[in-house]
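**Student:** I am attaching a structure below and will ask some questions about it afterwards.
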Amino acid sequence: QLQAYGGGLVQAGDSLRLSCTASGRTISSDAMGWFYQAPGAEREFVAGIDWTGRRFEYADSVKGRFIISRDNTKNTVYLQMNSLQPEDAGVYYCAADKDRTYPVPYLSAFDYWGQGTQVTVSS
């Protein structure tokens with residue numbers, strides 16, 4: 001089970017740090033990803049990280065603003081979101097890809113999903 005938390009209401013330009021902690025299984029060998037879903041839109045890839053924490057993938061829209069990281073000793077993945085904009089608002093989900101050690105930006109690759117945490121950005 002994955003539990004995402006850390007969302008909230010912020011103003012444009014602010015930062016938030018999302019966390020995703022796994023329970024019941026270890027994610028230390030999994031590639032991990034963050035996705036977001038705006039109201040009425042499809043879920044989209046935001047960022048991914050390999051099992052070592054040294055290889056990353058980012059959506060073009062967040063490059064240079066968001067940073068994904070992980071702490072395998074805590075079974076946790078993070079998403080540091082800086083310079084947030086209203087278009088970043090939505091529900092953010094973390095996900096685990098148990099079949100790969102490197103991240104790919106496709107929903108279908110991920111096997112386990114968290115429940116989502118809401119991010120709201122006011123202009």
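The values are calculated or read from the model by the stated rules, or taken from the named source; none is laboratory data. Treat the numbers as computed from the prediction; the structure is a model and nothing was measured. Here the Cβ is made from the backbone with ideal geometry for all residues, glycine too, and neighbour counts use every protein chain on show. The area values use the complete protein model at the heavy-atom level, side chains included, leaving out ligands, DNA and RNA. Shrake-Rupley method; radii C 1.70, N 1.55, O 1.52, S 1.80 Å.
**Student:** Rank V119, S29, G40 by how far each Cα sits towards the positive end of the charge dipole of the chain (+1 on Lys, Arg Cβ; -1 on Asp, Glu Cβ) and give me just the farthest.
**Tutor:** Of the listed residues, the answer is S29.
**Student:** Under 15 Å from a point placed 7 Å out from the Cα of D60 along the Cα-to-Cβ direction: which residues of region 13-51 have their backbone N that close?
**Tutor:** 45-46
**Student:** Just read off the accessible area of I67 with the full protein assembly in place, 1.4 Å probe, to the nearest 10 Å².
**Tutor:** Approximately 90 Å² of I67 is accessible to the 1.4 Å probe.
**Student:** If you don't mind, another one. Going by Cα centres, region 18-63 and region 68-123 are how many Å apart?
**Tutor:** Between the Cα centres of region 18-63 and region 68-123 lies a distance of 4 Å.
**Student:** Taking H placed 1.01 Å from N in the peptide plane, check which residues at least 5 places from F66 or on another chain put their amide H under 5 Å from its amide H.
**Tutor:** Amide H to amide H, under 5 Å and 5 or more residues apart or across chains, F66 pairs with N82.
**Student:** A further question follows. Would you pull out the residues with amide H under 5 Å of R17's amide H, same chain only if 5 or more places away, H placed 1.01 Å from N?
**Tutor:** M81
**Student:** Ignoring ligands, DNA and RNA, please state the percent of accessible area on region 1-46 from carbon and sulfur, probe 1.4 Å.
**Tutor:** Working: 1030 of 2290 Å².
Of the solvent-accessible surface of region 1-46, carbon and sulfur hold 45 percent.
**Student:** Another one. Please compute the modelled spin-label separation between S29 and I67, points set 7 Å along Cα→Cβ, answer in nm with one decimal.
**Tutor:** 3.0
**Student:** Excluding ligands, DNA and RNA, what is the solvent-accessible area per residue of region 26-123 at a probe of 1.4 Å, expressed in Å²?
**Tutor:** Accessible area per residue: 49 Å².
**Student:** Charges at C-beta only: +1 for Lys and Arg, -1 for Asp and Glu. How large is the resulting dipole of region 39-123 about its Cα centre, in Debye rounded to 20?
**Tutor:** Numbers: 9 positive and 11 negative charges, 64 e Å.
It comes to approximately 300 debye.
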